[in-house]
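> I am attaching a structure below and will ask some questions about it afterwards.
The values are calculated or read from the model by the stated rules, or taken from the named source; none is laboratory data. Everything numeric in this text was worked out from a predicted model, so none of it was measured. Don't worry about glycine lacking a Cβ; one is built from the backbone with ideal geometry, like all the others, and counts go over all protein chains shown. SASA here: full protein model, heavy atoms, side chains in, ligands and nucleic acids out. Shrake-Rupley method; radii C 1.70, N 1.55, O 1.52, S 1.80 Å.
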Amino acid sequence: MTKGGAKFISFEGGEGAGKTTQIKFLGEILRHAGHEVVITREPGGTPDAEAVRDLVLGGEPGRWSAKEEMLLMYTARSQLVRTIIRPALERGAWVLSDRFADSTLVYQGYAGGVDPDEVRKLHDLVLGPFNPDITFIMDIDPNSGMQRVHARAEALNQFEKRKSNFYEMTRNAYLDIAKSEPNRCAVINAAQDATKVSMDIVQVIKDRLGIAL
Ligand code: T5A
């Protein structure tokens, strides 16, 4: 899927798992090793997709049905892949994405109630067989993750206001995806100290991609 040294890495997991923190660390490590790195996030990553982000994350839970959320996510994702991710991979960059398609499969599919096969069909329709080379599943007990989110003292988005069983469902769904796609996914213990988490991520990249960092 990617050309030359290009790699597409996604970070997935529950709220407060440390995805953004670890993407920054890994981006620095890769740049230091001489790679071009493009960091992006979902929903978002282009001005239009950021506008979709405001629409879909704002307001209260229930503003959109899960199917409507799925369509909004894929509208934003389609433009992000077409205008940012594919061009970056084609010129040999590493792309680090803060969430990608597994988020829709988990949040709108397994936990949100849309048939997961329908989510996969939409993925094929919009993107075809386009998937990350490695997906880090940042695993943490949802209560610990939400404690980190609350400690940050930012306004909560509509996904951060859901009932606790929703977060249990998302955690279990991520672990099931990791089990069913062990070549693409790597589960990381995200409850550890941030430095240890970073070391585990770098080790997976070294082991799976055989590159020196
Ligand atoms: N969504 C998204 C869908 O429903 N469908 C989709 O298709 C997509 C793409 C996005 C929401 O949208 C939903 C899922 C999400 O609910 P968001 O605000 O981007 O909303 O939410 P998150 O992606 O979950 O981002 P968070 O910022 O909440 O979590 P992160 O990025 O995992 O965590 P991070 O790195 O910001 O860290 C959180 C706090 O913990 C600290 C950090 O300093 C920070 O304060 N921290 C640690 N503390 C202790 N130990 C560690 N190891 C730590 N690592 C970080």
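> Is segment 1-109 best put as rounded, prolate or oblate by its Cα gyration tensor, with a ≥ b ≥ c the root eigenvalues, rounded for a/c under 1.5, and otherwise prolate when a/b is larger than b/c, oblate when not?
Numbers: a/c = 2.34, a/b = 1.71, b/c = 1.37.
Cα axes put segment 1-109 in the prolate bin.
> Of all the accessible heavy-atom surface of segment 121-213, with the other protein chains kept in place and a 1.4 Å probe, what percent is carbon and sulfur?
51
> Can you compute the modelled spin-label distance between Asp54 and Met199, with each label point 7 Å from Cα toward Cβ, in nm?
4.3
> So what is the relative contact order for segment 7-208, in percent, with contacts set as C-alpha pairs under 8 Å and at least six apart? Intermediate results must be reported in sequence, preceding the final value.
Details: 291 pairs, mean separation 68.3, N = 202.
Once divided by the residue count of segment 7-208, the mean separation gives 34 percent.
> If you don't mind, there's one more thing I want to ask. Scanning the chain for helices, which whole DSSP H stretches are 30 Å or more long along the axis (Cα) and average 0.5 or more by Kyte-Doolittle? Walk me through the numbers on the way to the answer.
Details: long enough: none.
Result, helices passing both filters: zero.
> Would you give the gap between the C-alpha center of segment 136-170 and the C-alpha center of segment 51-81, rounded to a whole Å?
18
> I've got another one for you. For each pair in Lys121/Lys196; Lys161/Lys206; Lys7/Lys161; Lys7/Lys121, compute the distance between the two Cα atoms and list the pairs where it is over 31 Å. Walk me through the numbers before you get to the answer.
Numbers: Lys121/Lys196 37 Å; Lys161/Lys206 37 Å; Lys7/Lys161 34 Å; Lys7/Lys121 24 Å.
Going by Cα-Cα distance, Lys121/Lys196; Lys161/Lys206; Lys7/Lys161 fall outside the 31 Å limit.
> Let me ask you something else. Mind ranking 134-140, 39-45 by how tightly packed they are, going by the mean number of other C-beta atoms within 10 angstrom, highest first?
Going by the mean number of other Cβ atoms within 10 Å, highest first, we get 134-140, 39-45.
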